[in-house]
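This report refers to the structure that appears directly beneath it.
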Amino acid sequence: QLHSDQDKGDGSLKYILSGDGAGTLFIIDEKTGDIHATRRIDREEKAFYTLRAQAINRRTLRPVEPESEFVIKIHDINDNEPTFPEEVYTASVPEMSVVGTSVVQVTATDADDPSYGNSARIIYSILQGQPYFSVEPETGIIRTALPNMNRENREQYQVVIQAKDMGGQMGGLSGTTTVNITLTDVNDNPPRFPQSTIHLRIPESSPVGTAIGSVKATDADTGKNAEVEYRIIDGDGTDMFDIVTQKDTQEGIITVRKPLDYETRRLYTLKVEAENTHVDPRFYYLGPFKDTTIVKISVEDVDEPPVFSRSSYLFEVHEDIELGTIIGTVMARDPDSASSPIRFSLDRHTDLDRIFNIHSGNGSIYTSKPLDREISQWHNLSVIAAEINNPKDTTRVPVYVRILDVNDNAPQFAVFYDTFVCENARAGQLIQTISAVDKDDPLGGQKFFFSLAAVNPNFTVQDNEDNTARILTRRNGFSRHEISTYLLPVVISDNDYPIQSSTGTLTIRVCACDSRGNMQSCNAEALLLPAGLSTGALVAILLCIIILLVIVVLFAALKRQRKKEPLILSKEDIRDNIVSYNDEGGGEEDTQAFDIGTLRNPAAIEDKKLRRDIIPETLFVPRRTPSAPDNTDVRDFINQRLKEHDTDPSAPPYDSLATYAYEGNDSIAESLSSLESGTTEGDQNYDYLREWGPRFNKLAEMYGGGESDKDTS
């Protein structure tokens, strides 16, 4: 309760409250100053509240005293039970641990005030899990309570721990949690074979590395504590078998180490040991951590294939042996007790050319075709041996045949030699160094000798005794004009037995050379050129000729493209004809029409066909002119014929008709015939042609300028 000294009890003062929780958690009676809590207060939410109170005049609302501040402290009561952060804990401890081994610590918390009374003092106890585990009351540490707890007997334990406040006294609040404890494995159990003797069987034909069977020792432990290593420690088959540990299954796989033979031995005995690889020294007293068993292996008889006396054969033979010669023999036997006869054959895939053959009964290999070391030095054959009683059971063996060399090839020139001699060569001058090759390969190496097939007056051979020779001249000066090429036969022989030799011919050209002996020309035609005319001058002359030819061709092409003047072909026989391109023309009845095909093919004109536009007084033989090419322009052809007739004194200048490719409009000049001919002496004026329009400008120019042309001529 708040009370002001100025309060006379007449209700003139008013108390007001401000601060933490004022108006919500705490309210004040404005008349009496009593402070009340509106709901239950929880210390765990807030332990202190700071408030400010003041008395004011109810009418003027002015404070009658300064504002005062006070603190409300909440006293704690035991209203919160201890709680664990986890509902379930998981822990583990090794099996066989000593009593008191720490497993895990659990800790509970209490929201009450630890400084006020015993509300937050917690004591731990175990409700479930005895007598295997215990808990320390003050710390909550769980420890083992029994010695030698064995995982193989029980692996999982569930422990319930209680935490109680008020120091564990009556009336205290409590909370519980569950702890699942697992015993982890230690290597406290040795491996054990379930059987003291194990029997296995295997066929004698099993190849090396074949798995015969497996043995397995059991171990109650898990993980690495159960890992076992197997080994063969004794027995009469230690050198014939191996054992390998399979890590994922922890089995010992027994495999074949050497080939087995039923006829040699039929039963083997092995002593196999299994031992833990990870042994804990603390548990040596429980050992030894290993065990042994006896493995008996029986070898079963099978029909085995033939066995060759060797794993491979090597035969050497000279290449010049006769056909049918035996080069070697392979031997095989039947390893079975029945000892069946053997039949031999060649795998023809290894002898596609069928050079060899084999005797099926005794295995003798002989030649069926000639041998040639230079073609193939080695032959790799495969011989097949099969039992006659069981042909499907076969064995193969490789046979290597090496062909030894025989001197059966003559040496030859190593390369083709392009040899020349200078015209100004002197006697004893070197013109070529030659060498030779031989397909044979003698043991002492190649040795060649060079000589001339016959005495030569121009050249000689000098052997360098190192498988090379020099070609030298024997006289001074050579002439291309006389002999341009010499043939020099050279004999090459080797020194092996029997001696082989061959004759190679050198072609020696006579060439012009400079003062240093460098070849300039070897052609005989070069003698006809003027002296002193160099190669550069010849090239320049050739270029000039090519340029002149190009100019002439261009000039001819430009001349053909020049526009040609139209010609008048007729005088009296005037017909207005229409020539249409891409059309048949006038047809068969139009016999008097001008045939344009004659212009395109002058060769079709009959020899004695005369002109039809006049009646000549005397017959004359028309001149034959060369035919124009098929692609000659019609205008060029007409222009050429016009020029020929103008210059021909026997051909009068008859009037002609110019035929155009189109009819055009009606001409106001009507007929254009009776133009002045060469036989008329009178002068005519053709100026009126200029008045007929632009289409007659060409005619006006041709005939209007006739007088000036005559004057100039």
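The values are calculated or read from the model by the stated rules, or taken from the named source; none is laboratory data. Computed from a prediction, not measured in an experiment: that's the story for all the values here. Quick reminder, even Gly has a Cβ in these numbers, built from the backbone with ideal geometry, and neighbours come from all protein chains shown. Side chains included, ligands, DNA and RNA excluded: accessible areas come from the protein's heavy atoms. Shrake-Rupley method; radii C 1.70, N 1.55, O 1.52, S 1.80 Å.
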Worksheet item: Would the stretch 57-72 turn up any residue that is open to solvent by 50 Å² or more (accessible area, probe 1.4 Å), outside any strand (DSSP E or B) and at pLDDT below 80?
Response: no
Practice prompt. Kindly provide the set of residues from the stretch 19-36 that are open to solvent by 40 Å² or more (accessible area, probe 1.4 Å), outside any loop (DSSP other than H, G, I, E, B) and not aliphatic (A, V, I, L, M), ordered by number.
Written response: His36
Worksheet item: If we scan the stretch 223-238, do we find a residue that is part of a loop (DSSP other than H, G, I, E, B), touching a residue at least 40 places away in the same chain (Cβ under 8 Å) and either touching a helix residue (DSSP H, G or I) at 6+ places or on another chain (Cβ under 8 Å) or surrounded by 13 or more Cβ atoms within 10 Å (Cβ to Cβ) (or both)?
Response: yes
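Within the stretch 176-215, restricting attention to residues that are of a type in the set (A, V, I, L, M), part of a strand (DSSP E or B) and closer than 19 Å to Glu229 by Cα, which residue is most open to solvent (accessible area, probe 1.4 Å)?
At the first step, the residues of the stretch 176-215 found to be of a type in the set (A, V, I, L, M) are 179, 181, 183, 186, 198, 200, 202, 208, 211-212, 215.
If we keep only those that are part of a strand (DSSP E or B) as well, we get 179, 181, 183, 198, 200, 202, 211-212, 215.
Keeping just the survivors that are closer than 19 Å to Glu229 by Cα gives 198, 211-212, 215.
On the way: Ile198: 26, Ala211: 63, Ile212: 26, Val215: 4 Å².
Filtering the stretch 176-215 for residues that are of a type in the set (A, V, I, L, M), part of a strand (DSSP E or B) and closer than 19 Å to Glu229 by Cα, the one most open to solvent (accessible area, probe 1.4 Å) comes out as Ala211.
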Response to the item:
Among (1) open to solvent by less than 40 Å² (accessible area, probe 1.4 Å); (2) at pLDDT 90 or above, Gly445 falls short only on (2)
Discussion item. Just to be sure before I move on: is Val299 in a strand (DSSP E or B), of a type outside the set (Gly, Ala, Ser), open to solvent by less than 40 Å² (accessible area, probe 1.4 Å) and modelled with pLDDT of 90 or more in the structure I sent?
Written reply: yes
Worksheet item: In the stretch 106-152, which residues are among the small types (Gly, Ala, Ser) and in a loop (DSSP other than H, G, I, E, B)?
Response: Ala108, Ala111, Ser115, Gly117, Ser119, Ala120, Gly129, Gly140, Ala145
Practice prompt. May I ask you to verify whether Arg52 is of a type outside the set (A, V, I, L, M, F, W, C) and in a loop (DSSP other than H, G, I, E, B)?
Written response: no
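Restricting to the stretch 253-274, name every residue that is open to solvent by less than 60 Å² (accessible area, probe 1.4 Å) and assigned to a strand (DSSP E or B).
Across the stretch 253-274, the qualifying residues are Ile253, Ile254, Thr255, Val256, Tyr268, Thr269, Leu270, Val272, Glu273, Ala274.
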Worksheet entry | In the stretch 491-520, residue farthest from the chain's Cα centre (by Cα) [restricted to those that are charged (D, E, K, R) and surrounded by 14 or more Cβ atoms within 10 Å (Cβ to Cβ)] | Arg509
Worksheet item: If you go through the stretch 23-31 one residue at a time, do you hit one that is hydrophobic (A, V, I, L, M, F, W, C), out of contact with any Cys (no Cβ under 9 Å at 6 or more places or on another chain), closer than 30 Å to Asp110 by Cβ and modelled with pLDDT of 80 or more?
Response: yes
Item to complete: Would you point out which residue out of Ser382, Ser339 is over 44 Å from the mean Cα position of the chain (by Cα) and either outside the structural domain of Thr264 (by the TED database) or assigned to a strand (DSSP E or B) (or both)?
Response: Ser339
